[in-house]
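The values are calculated or read from the model by the stated rules, or taken from the named source; none is laboratory data. On a predicted model such as this, the values are computed, not experimentally measured, just so you know. Here Cβ is always computed from backbone atoms with ideal geometry, including for glycine, and neighbour counts include all displayed protein chains. Accessible surface areas use protein heavy atoms only, side chains included; no ligands, DNA or RNA. Shrake-Rupley method; radii C 1.70, N 1.55, O 1.52, S 1.80 Å.
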Amino acid sequence: MDTSPNTNEFLAIYDELDKYFRTLNPPKDGYEDFRILVLRIAKNNRLISYYKEDLLLYGRLRNAIAHNNDKQIIAEVFTNVVEDFKKVLNGIKKPKTNYDIAIKNPYQCKLEDNISVVIKEMSKNNYTNVPVYKNEEFQGIVSEYTITKWAAQSTES
(Lines give C-alpha, C1' and ligand atoms only; values in the text may rest on other atoms or scores of the structure.)
Protein backbone atom coordinates (compact mmCIF):
# COMPACT_ATOMS: atom_id res chain seq x y z
CA MET A 1 0.00 0.00 0.00
CA ASP A 2 1.36 3.40 -0.99
CA THR A 3 1.33 5.84 1.88
CA SER A 4 2.19 9.50 2.13
CA PRO A 5 5.24 10.86 3.95
CA ASN A 6 2.88 12.10 6.70
CA THR A 7 1.44 8.63 7.14
CA ASN A 8 4.91 7.07 7.25
CA GLU A 9 6.04 9.56 9.88
CA PHE A 10 2.85 8.99 11.88
CA LEU A 11 3.43 5.22 11.84
CA ALA A 12 7.06 5.71 12.91
CA ILE A 13 5.96 7.83 15.89
CA TYR A 14 3.37 5.21 16.79
CA ASP A 15 5.97 2.42 16.64
CA GLU A 16 8.37 4.45 18.81
CA LEU A 17 5.69 5.02 21.46
CA ASP A 18 4.56 1.39 21.33
CA LYS A 19 8.13 0.18 21.95
CA TYR A 20 8.65 2.78 24.68
CA PHE A 21 5.49 1.70 26.52
CA ARG A 22 6.48 -1.96 26.31
CA THR A 23 9.86 -1.21 27.90
CA LEU A 24 8.37 1.24 30.42
CA ASN A 25 5.86 -1.28 31.70
CA PRO A 26 6.07 -4.66 29.94
CA PRO A 27 2.88 -6.71 29.58
CA LYS A 28 2.76 -9.49 32.17
CA ASP A 29 0.87 -12.05 30.10
CA GLY A 30 2.51 -11.82 26.70
CA TYR A 31 1.21 -9.45 24.06
CA GLU A 32 -1.15 -6.53 24.77
CA ASP A 33 -2.53 -4.35 22.05
CA PHE A 34 -1.69 -0.66 22.18
CA ARG A 35 -5.09 0.36 23.58
CA ILE A 36 -4.88 -2.05 26.52
CA LEU A 37 -1.26 -1.07 27.11
CA VAL A 38 -2.14 2.64 27.27
CA LEU A 39 -5.12 2.05 29.56
CA ARG A 40 -3.07 -0.12 31.93
CA ILE A 41 -0.11 2.28 32.14
CA ALA A 42 -2.37 5.33 32.47
CA LYS A 43 -3.83 3.93 35.72
CA ASN A 44 -0.51 4.47 37.51
CA ASN A 45 1.23 7.08 35.39
CA ARG A 46 -0.14 10.62 35.48
CA LEU A 47 1.80 11.66 32.39
CA ILE A 48 0.37 8.85 30.27
CA SER A 49 -3.04 9.48 31.84
CA TYR A 50 -2.81 13.11 30.70
CA TYR A 51 -2.27 12.01 27.06
CA LYS A 52 -4.53 8.93 27.25
CA GLU A 53 -7.38 10.16 25.03
CA ASP A 54 -4.97 11.39 22.33
CA LEU A 55 -3.06 8.11 22.45
CA LEU A 56 -6.25 6.07 22.10
CA LEU A 57 -7.39 8.21 19.17
CA TYR A 58 -4.02 7.88 17.43
CA GLY A 59 -4.13 4.13 18.07
CA ARG A 60 -7.46 3.88 16.28
CA LEU A 61 -6.10 5.90 13.36
CA ARG A 62 -3.04 3.65 13.18
CA ASN A 63 -5.27 0.57 13.10
CA ALA A 64 -7.34 2.07 10.28
CA ILE A 65 -4.15 2.59 8.29
CA ALA A 66 -2.32 -0.65 9.13
CA HIS A 67 -5.15 -3.19 9.22
CA ASN A 68 -6.98 -2.38 6.02
CA ASN A 69 -7.50 -5.68 4.18
CA ASP A 70 -8.62 -4.07 0.93
CA LYS A 71 -5.18 -2.58 0.31
CA GLN A 72 -6.91 0.72 -0.39
CA ILE A 73 -6.06 3.86 1.48
CA ILE A 74 -8.97 4.59 3.81
CA ALA A 75 -7.21 7.15 6.01
CA GLU A 76 -4.69 9.83 5.22
CA VAL A 77 -2.71 11.63 7.92
CA PHE A 78 -2.55 15.40 7.73
CA THR A 79 0.53 17.40 8.70
CA ASN A 80 -1.17 18.93 11.75
CA VAL A 81 -1.94 15.43 13.08
CA VAL A 82 1.71 14.41 12.70
CA GLU A 83 2.82 17.61 14.48
CA ASP A 84 0.36 16.99 17.34
CA PHE A 85 1.48 13.37 17.64
CA LYS A 86 5.12 14.55 17.79
CA LYS A 87 4.16 16.85 20.66
CA VAL A 88 2.59 13.92 22.49
CA LEU A 89 5.71 11.82 21.89
CA ASN A 90 8.00 14.60 23.16
CA GLY A 91 5.70 15.31 26.09
CA ILE A 92 5.95 11.67 27.14
CA LYS A 93 9.61 10.97 26.42
CA LYS A 94 10.96 14.41 27.37
CA PRO A 95 8.50 15.90 29.86
CA LYS A 96 9.08 19.45 31.01
CA THR A 97 10.73 19.85 34.38
CA ASN A 98 10.19 22.54 36.99
CA TYR A 99 13.39 24.15 35.76
CA ASP A 100 11.98 24.39 32.21
CA ILE A 101 8.98 26.43 33.32
CA ALA A 102 10.52 28.37 36.20
CA ILE A 103 11.26 32.05 35.86
CA LYS A 104 15.01 32.18 35.38
CA ASN A 105 15.63 35.60 37.01
CA PRO A 106 12.64 36.20 39.26
CA TYR A 107 11.90 39.58 40.77
CA GLN A 108 13.13 39.68 44.34
CA CYS A 109 13.23 42.28 47.06
CA LYS A 110 15.46 43.13 49.97
CA LEU A 111 14.36 42.99 53.57
CA GLU A 112 14.63 46.78 53.81
CA ASP A 113 12.65 47.56 50.59
CA ASN A 114 9.52 49.67 50.89
CA ILE A 115 6.48 47.38 50.86
CA SER A 116 4.48 49.74 48.61
CA VAL A 117 7.19 49.42 45.92
CA VAL A 118 7.05 45.62 46.20
CA ILE A 119 3.21 45.63 46.03
CA LYS A 120 3.26 47.86 42.93
CA GLU A 121 5.78 45.53 41.24
CA MET A 122 3.66 42.49 42.14
CA SER A 123 0.52 44.14 40.78
CA LYS A 124 2.18 45.40 37.59
CA ASN A 125 3.62 41.95 36.74
CA ASN A 126 0.90 39.70 38.22
CA TYR A 127 3.32 38.17 40.73
CA THR A 128 1.71 36.24 43.56
CA ASN A 129 4.93 35.66 45.50
CA VAL A 130 8.23 37.53 45.80
CA PRO A 131 11.33 36.12 47.50
CA VAL A 132 12.90 38.35 50.16
CA TYR A 133 16.68 38.47 50.70
CA LYS A 134 19.04 40.07 53.18
CA ASN A 135 22.69 40.12 52.09
CA GLU A 136 22.17 37.31 49.53
CA GLU A 137 20.50 35.12 52.18
CA PHE A 138 16.90 34.03 51.62
CA GLN A 139 14.62 35.35 54.38
CA GLY A 140 11.13 34.40 53.23
CA ILE A 141 8.32 35.19 50.81
CA VAL A 142 6.08 38.19 50.39
CA SER A 143 2.82 36.74 49.10
CA GLU A 144 -0.65 38.04 48.36
CA TYR A 145 -1.73 36.34 51.58
CA THR A 146 0.98 37.99 53.72
CA ILE A 147 0.16 41.40 52.24
CA THR A 148 -3.55 40.92 52.96
CA LYS A 149 -2.80 39.76 56.49
CA TRP A 150 -0.45 42.74 57.04
CA ALA A 151 -3.06 45.17 55.66
CA ALA A 152 -5.77 43.71 57.89
CA GLN A 153 -3.55 43.99 60.97
CA SER A 154 -2.59 47.56 60.03
CA THR A 155 -6.22 48.67 59.91
CA GLU A 156 -6.97 47.09 63.30
CA SER A 157 -4.38 49.29 65.07
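Specify the inter-centroid distance of region 116-143 and region 51-91, based on alpha-carbon positions, in whole Å.
Distance between centres, Cα-based: 47 Å.
Work out the length of the dipole vector of region 57-105 about its Cα centre, built from +1 on the beta-carbon of each Lys and Arg and -1 on the beta-carbon of each Asp and Glu, and round it to the nearest 20 debye.
On the way: 9 positive and 5 negative charges, 57 e Å.
That gives a dipole near 280 debye.
Tell me, what is the FRET efficiency for T79 and D15 to the nearest 0.05, using R0 = 25 angstrom and their Cβ-Cβ distance as r?
Details: r = 19 Å, r/R0 = 0.76.
Computed FRET efficiency for T79 and D15: 0.85.
For region 111-154, which GluC sites (Glu not before Pro) pass both filters: DSSP loop (anything but H, G, I, E, B) and at most 10 other C-beta atoms within 10 Å? Intermediate values should be presented prior to the final figure.
Numbers: sites: E112, E121, E136, E137, E144; in loops: E112, E136.
Here the sparse-neighbourhood loop sites are E112, E136.
Name the longest site-free stretch of the chain, where the excluded sites are trypsin sites (Lys or Arg not before Pro) in a DSSP loop with no more than 13 other beta-carbon atoms within 10 Å.
On the way: sites that count: K28, K43, K71, K96, K104.
It works out to 105-157.
Which value, in debye to the nearest 20, describes the size of the charge dipole of region 23-101 about its Cα centre when Lys and Arg Cβ atoms bear +1, Asp and Glu Cβ atoms bear -1, and nothing else is charged? Each step should come with its number before you reach the end.
Numbers: 14 positive and 10 negative charges, 65 e Å.
The calculation lands at about 320 debye.
For region 70-157, what is the charge dipole size about the Cα centre, in debye to the nearest 20, if Lys and Arg each add +1 at the Cβ and Asp and Glu each add -1 at the Cβ? Mind dumping the intermediate values first?
On the way: 12 positive and 12 negative charges, 51 e Å.
I would put it at about 240 debye.
So what is the relative contact order of the chain, in percent, for Cα pairs below 8 Å that sit 6 or more residues apart?
Details: 105 pairs, mean separation 29.2, N = 157.
Averaging sequence separation for qualifying contacts and normalising by length gives 19 percent for the chain.
Pop out the ³J(HN,Hα) list for region 76-90 in order, Karplus 6.51 cos²θ - 1.76 cosθ + 1.60 with θ = phi - 60°, rounded to Hz; leave Gly and Pro as x.
Calculated HN-Hα couplings, in order: 10, 9, 7, 4, 5, 5, 4, 4, 5, 5, 4, 4, 4, 4, 5 Hz.
With a 1.4 Å probe and all protein chains kept in place, how much accessible area does F138 have, in Å² rounded to the nearest 10?
110
Hey, if you put +1 on the Cβ of every Lys and Arg and -1 on every Asp and Glu Cβ in the chain, which of S154, I41, L57 ends up farthest toward the positive end of that dipole?
Going by the Cα projections, it comes out as I41.
Between Y31 and Q72, 0.36 nm times their residue separation minus their Cα-Cα distance comes to what? Numbers along the way, then the final one.
Values: separation 41, 0.36 × 41 = 14.76 nm, distance 2.77 nm.
Extra length available between Y31 and Q72 comes to 12.0 nm.
Obtain the nm distance between the two label points defined at S143 and N8 by a simple spin-label model: each point lies 7 Å from its Cα along the Cα-to-C-beta direction.
Reported label-point gap for S143 and N8 is 5.5 nm.
If you take the charge dipole of region 23-157 about its Cα centre, with +1 on Lys and Arg Cβ and -1 on Asp and Glu Cβ, which of P27, T79, I103 is farthest toward its positive end?
Of the listed residues, the answer is P27.
Which lysines have a Cα lying under 24 Å from the Cα of K52, excluding residues fewer than 8 positions away in the same chain?
Those lysines meeting the cut-off are K19, K28, K43, K86, K87, K93, K94, K96.
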